[in-house]
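Read through the structure below, which is laid out as structure tokens, and then see the notes.
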Amino acid sequence: MLKASGYSLFEMLISMILSSLIFIGMTSFYIQLQTSIMQYYQKTRLQQAIELGLAGMKKDIKRAGFIANNPNKMTAKAIEIDKQSQCIIVRYDSEIRNSWVWDKFNPMASDIFTYRYKKNNIAYRTGSIDCVDGKWENLFDSKEIKITDFTIKQLPNAISLSVTAELRKNKQIKYHITEIIKNENRF
């Protein structure tokens, strides 16, 4: 009698079922891995955008109060924070002119730098002596990033800056940062 070599129908069915389960498991793992990688990328991108956007503000706060060669020439407060803690006006001698310059007709040549929170974004303006009027430039792309909280507080020897943001397309991706910024000229 000849012995038949090969697999039986039952063995083939078992191997197909096991192969299918392994394939399904690998596919779901791959999808979860891709989702995790995408969320990590989005969170990292949000974090980098916020930190890059705040870099100029932090630099301005550190410089507040600087007047080249004569700090006694201060004619106004170096840092003003509004009552809602959502706007900051910073003054310093940005061009080393030995005073703080403010030109109503040429605000871009002024030594006043203002940041405010409005319409879920942080806006910036040079030469603004208040937090309301004029043309403002947003620090972040409003279509991509939504700032949900922006708070500035005066501490005894520093400024506390707190920002919370989320992605517009994926509200689950959030980022919060609180920075304590020591001013180099006032304290």
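I want to make sure I understand the PRE zone here: with the label point 7 angstrom from the Cα of Gln154 toward its beta carbon, which residues in the stretch 44-78 have backbone N atoms less than 12 Å away?
Output list for this probe position: 77-78.
Run through the stretch 1-100 and list the GluC sites (Glu not before Pro) located in a DSSP loop whose Cβ has at most 16 other Cβ atoms within 10 Å.
Counting only loop positions with at most 16 other Cβ atoms within 10 Å, the GluC sites (Glu not before Pro) in the stretch 1-100 are Glu95.
Highest GNM mean-square fluctuation, the chain, Cα pairs closer than 10 Å: which of Ile147, Ile96, Ile112?
Ile96
So what's the gap between the Cα centers of the stretch 110-130 and the stretch 53-101, to the nearest angstrom?
12 Å
Roughly what would the spin-label model give for Arg97 and Ile37, points 7 Å off Cα along C-beta, in nm?
Distance between label points: 5.3 nm.
Run the numbers for Ala76 and Gln47: contour at 0.36 nm per residue of separation, minus the present Cα-Cα distance, in nm.
Between Ala76 and Gln47, full extension yields an extra 7.0 nm.
May I ask you to derive the FRET efficiency for Arg168 and Ser85 from their Cβ-Cβ distance with R0 = 22 Å, giving the value to the nearest 0.05?
So, using R0 = 22 Å, E works out to roughly 0.35.
So if I average 1/r over every pair of distinct C-alpha atoms in the stretch 51-170 and take the inverse, what Kirkwood radius in Å does that give?
For the stretch 51-170, the Kirkwood estimate is 15.0 Å.
Given the Cα-Cα distance of Lys58 and Leu18 and 0.36 nm per residue of separation, how much length would full extension add, in nm?
Additional length available on full extension: 8.5 nm.
Could I get the Rg over Rh figure for the stretch 114-185? Both from C-alpha atoms, Rh via Kirkwood, rounded to two places.
Using Cα coordinates only, the ratio equals 1.01.
Sorted by average packing, counted as other Cβ atoms within 10 angstrom per residue and highest first, what order do 104-110, 123-129, 23-29 take?
123-129, 104-110, 23-29
Leaving out same-chain residues fewer than 8 places away, which aspartates and glutamates sit with a Cα under 12 Å from that of Lys58?
Straight-distance partners of Lys58: Glu179, Glu184.
If we sort 37-46, 160-169 on the protection proxy, mean other Cβ atoms within 10 Å, highest first, what's the order?
Answer by packing, highest mean first, reads 160-169, 37-46.
Between Val132 and Asn69, what is the spin-label point distance in nm, taking each point 7 Å from the Cα along the Cα→C-beta axis?
So the label points at Val132 and Asn69 sit 3.9 nm apart.
Could you work out how far helix 9-63 tilts from the main Cα principal axis of the chain, as a 0 to 90 degree angle to the nearest 10?
10 degrees
Between Phe105 and Ser5, 0.36 nm times their residue separation minus their Cα-Cα distance comes to what?
Separation in residues times 0.36 nm, less the Cα-Cα distance, equals 26.4 nm.
Coordinate-derived values only; no laboratory data. Just so it is clear, the structure is predicted and the values come from calculations on it, not from any experiment. Neighbour counts run over all protein chains shown; Cβ positions are idealised from the backbone, glycine included.
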